[in-house]
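Engineer: Dumping the structure here so I can ask a few things about it.
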Amino acid sequence: MERRGIVARIYPGVILRVLEGSIAEELELVPGDKILKVNDTAMRDIIDFSFAMAEEEIELLVEHADGTQEIIAFDKDYDEELGVEFERAVFDGIRECANHCYFCFVDMIAPDMRHSLSVKDDDYRLSFLYGNFVTLTNMGDRDFERIKRLHLSPLYVSVQCTNPVLRAEMLRYKEASNILGQLARLEEAGAEYHTQVVLCYGLNDGEELERTIRDITERRPHALSLAIVPVGLTKHRNDPFPLVQFDRTGAAAVIDQVEAWQRRIRAEEGRTFIYLGDEFYFLAGREVPSAEMYDGFPQLDNGIGLTRNFIEEWRRAAEDFSLHDEGSVLCVISGTAIAPVMEQLARELDPDGKRIRVLAVENRRFGETVNVSGLLTGSDIVDALSRTDFSPDGVVIPASALREGEDVFLDDMSLADMRRLFSPIRIEPVATGTDYREALTDWKSYRRQRASGGYTWQSNAGYTKPVAGAGRA
């Protein structure tokens with residue numbers, strides 16, 4: 001191993017965590033150290049870092065907490081990882097959105113939420129790494145060239161509609177009109193992509209949705225899937241453009257329209273390709289489709305098929321977790337949309353409702369029309385628990401309400417603070433249907449391990465960030 005002094009400064013990759021038994025630990029790297037270059041190459045993000053670290057002979061330019069810099073040289077196997085997690089995935093800063101969409105949820109965030117919720121990312125790198133949806137409106141020639149050169153595929157694209165005039169209007173950005181041309185450029189770069197439509201009643205639904213579906217399905221096989229989700233509105237929206245949410249009749253009409261396309265595509269190639277957000281089925285009072293209709297859940301991280309996947313996990317876990325803890329009295333916290341499903345599953349174990357009670361929490365911070373569990377705040381959960389006359393031994397909360405990798409709610413209340421408020425009642429998050437069954441059948445032993453929250457890299461251009469319900473690669 002060789003170490004020698006040097007003075008330089010580029011975009012730093014700040015180490016959050018060093019994994020035990022790793023090369024990084026052997027090199028005595030510590031959290032807070034900054035990796036500036038790999039083999040004299042500047043790093044913009046963990047994509048660059050991953051490709052550079054695929055070499056067998058490595059020189060790291062590292063800056064320590066005291067400001068000193070050094071080069072650390074070492075040899076490694078081609079597939080061997082350094083063993084660090086970074087504070088951020090993009091070292092040069094997140095590329096933010098320049099659009100001003102009619103339906104932008106970030107603009108509807110309640111006041112006093114954590115700052116990160118107000119970041120409008122529109123960064124194709126985060127799309128590739130973590131499935132974040134991007135509009136492509138801030139893409140330039142160099143971006144498409146990099147996608148081609150590094151084989152960054154698949155990406156996730158917010159289409160909204162393919163009518164160029166309407167799309168420019170909805171995004172309030174004239175360059176947004178060329179969505180089909182931008183998709184063609186992705187295809188020329190060798191990239192495949194998943195697509196999404198945020199459906200707004202009376203705006204891009206009906207005939208416009210028909211046009212969008214037709215245009216995207218014609219782009220198969222480059223287009224891998226199309227998700228359609230209803231616009232979400234909070235009480236904090238102050239945009240002057242009038243938007244309304246779908247009602248029961250409107251949601252049913254969307255389901256009927258999309259099901260006709262689903263039948264056609266399944267007849268052609270044996271898969272569904274187009275998927276609706278669970279909210280449409282909840283609004284219409286219809287059961288979510290079978291697991292077969294989701295083709296392996298390609299947009300699960302987008303919430304598409306989340307309910308069906310949860311139910312399937314619950315069913316599969318029956319063999320591993322049978323009821324043997326009939327003494328613990330539990331309260332299950334849930335958003336109002338998914339509460340009937342959580343109730344139905346709980347009644348399978350506790351038909352009379354004497355041991356398990358599902359508490360549907362109204363979202364007061366964002367407004368009652370926001371009904372998903374993932375947007376519940378700590379204060380709303382505390383308020384609901386304080387007002388109930390139920391005295392449980394334990395409380396089950398949705399892990400999706402906590403920040404990825406951290407035990408913190410959207411309003412910055414920590415899980416530790418909530419636990420102190422209700423001590424000695426134990427409060428535990430559940431992320432999956434498997435978690436849910438385990439918690440309800442064996443509460444005394446149940447403990448959920450949270451993800452680390454750090455950004456890491458994997459050899460051969462594989463990337464991962466731990467999220468709820470997923471393991472590290």
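Engineer: For segment 364-413: of the residues being more than 27 Å from Gly353 (Cβ to Cβ) and of a type in the set (Lys, Arg), which is modelled with the lowest pLDDT?
Structural biologist: Looking at the filtered set, the residue picked out is Arg403.
Engineer: Could you look through segment 82-141, keep only residues that are at negative phi, open to solvent by 30 Å² or more (accessible area, probe 1.4 Å) and among the small types (Gly, Ala, Ser), and pick out the one that is farthest from the chain's Cα centre (by Cα)?
Structural biologist: Ala98
Engineer: Name the residue, out of Leu243, Leu224, that is aliphatic (A, V, I, L, M), outside the structural domain of Pro340 (by the TED database) and more than 17 Å from Phe105 (Cβ to Cβ).
Structural biologist: Checking each option against the conditions leaves just Leu224.
Engineer: Check Asp412, Asp393, Asp407 and return the single one that is surrounded by fewer than 21 Cβ atoms within 10 Å (Cβ to Cβ), touching a residue at least 40 places away in the same chain (Cβ under 8 Å) and closer than 16 Å to Met113 by Cβ.
Structural biologist: Answer to the check: Asp412.
Engineer: Is it true that some residue in segment 295-303 is surrounded by 21 or more Cβ atoms within 10 Å (Cβ to Cβ) and either closer than 28 Å to Gly131 by Cα or touching a Cys at 6+ places or on another chain (Cβ under 8 Å) (or both)?
Structural biologist: Yes; the residues of segment 295-303 include at least one that is surrounded by 21 or more Cβ atoms within 10 Å (Cβ to Cβ) and either closer than 28 Å to Gly131 by Cα or touching a Cys at 6+ places or on another chain (Cβ under 8 Å) (or both).
Engineer: Here's a check for you: in segment 279-320, which residue that is touching a Gly at 6+ places or on another chain (Cβ under 7 Å) and not in a helix (DSSP H, G or I) is farthest from Arg357 (Cα to Cα)?
Structural biologist: Of everything passing the filter in segment 279-320, Phe297 is farthest from Arg357 (Cα to Cα).
Engineer: For segment 416-431, give me each residue that is open to solvent by less than 20 Å² (accessible area, probe 1.4 Å) and not aliphatic (A, V, I, L, M).
Structural biologist: Residues satisfying the conditions are Glu428, Pro429.
Engineer: Next question, about the same structure. For segment 98-214, give me every one of the helices (runs of 4 or more DSSP H) that falls completely inside it and has 2 or more residues that are at pLDDT 95 or above and within 30 Å of Thr249 (Cβ to Cβ). So that I can check it myself, show each step before the final result.
Structural biologist: Values: elements: 124-130, 141-150, 164-171, 179-188.
Per the criteria, 164-171.
Engineer: Now a separate question. Quick one: is Gly296 touching a Pro at 6+ places or on another chain (Cβ under 8 Å) and closer than 26 Å to Glu192 by Cβ?
Structural biologist: In short, no.
Engineer: Go through segment 321-358 and give me each residue that's in a strand (DSSP E or B) and more than 21 Å from Lys444 (Cβ to Cβ). Spell out the reasoning first.
Structural biologist: The initial filter retains those residues of segment 321-358 that are in a strand (DSSP E or B), namely 330-335, 356-358.
Passing the criteria: Ser334, Gly335.
Engineer: Quick check, is Gly202 touching a His at 6+ places or on another chain (Cβ under 9 Å) and exposed (fewer than 15 other Cβ atoms within 10 Å of the Cβ)?
Structural biologist: So Gly202 does not fit the description; no.
Engineer: Kindly indicate the residue of segment 341-357 that is open to solvent by less than 80 Å² (accessible area, probe 1.4 Å), of a type outside the set (Val, Ile, Thr) and out of contact with any Asp or Glu (no Cβ under 8 Å at 6 or more places or on another chain) and also nearest to Val372 (Cα to Cα) among those meeting that condition.
Structural biologist: Filtering first and then ranking leaves Met342.
Engineer: Evaluate the following for Gly367: is it assigned to a helix (DSSP H, G or I), closer than 30 Å to Met113 by Cα and not charged (D, E, K, R)?
Structural biologist: Numbers: assigned to a helix (DSSP H, G or I): no; closer than 30 Å to Met113 by Cα: yes; not charged (D, E, K, R): yes.
Taking the combined requirement at face value, the residue does not satisfy it.
Engineer: Select from segment 22-51 the residues that are within 27 Å of the chain's Cα centre (by Cα) and of a type in the set (Gly, Ala, Ser) and write down the one among them that is surrounded by the most Cβ atoms within 10 Å (Cβ to Cβ).
Structural biologist: Only one residue tops the list, namely Ser50.
Engineer: State yes or no: is Arg271 charged (D, E, K, R) and not assigned by the TED database to the domain that holds Arg248?
Structural biologist: Working: charged (D, E, K, R): yes; not assigned by the TED database to the domain that holds Arg248: no.
No.
Engineer: May I pose another question? Taking the stated definitions as given, is Ala65 open to solvent by less than 70 Å² (accessible area, probe 1.4 Å) and not assigned by the TED database to the domain that holds Asp239?
Structural biologist: Here the answer is no, as Ala65 does not meet what is asked.
Engineer: Right, another one. Return the total of residues in segment 24-82 being among the hydroxyl-bearing types (Ser, Thr, Tyr), in contact (Cβ under 8 Å) with a residue 24 or more places away in the chain and under 16 Å from Tyr11 (Cβ atoms).
Structural biologist: 1
Engineer: Then there is this: Restricting segment 1-21 to residues that are open to solvent by less than 60 Å² (accessible area, probe 1.4 Å) and farther than 19 Å from Ile47 by Cα, which is modelled with the lowest pLDDT?
Structural biologist: The selected residue is Ala8.
The values are calculated or read from the model by the stated rules, or taken from the named source; none is laboratory data. Computed from a predicted structure; not experimentally measured. Cβ: placed from backbone, ideal geometry, glycine included. Neighbour counts: every protein chain shown. Just so you know, the surface numbers come from the protein's heavy atoms only, side chains and all, with ligands and any DNA or RNA stripped out. Shrake-Rupley method; radii C 1.70, N 1.55, O 1.52, S 1.80 Å.
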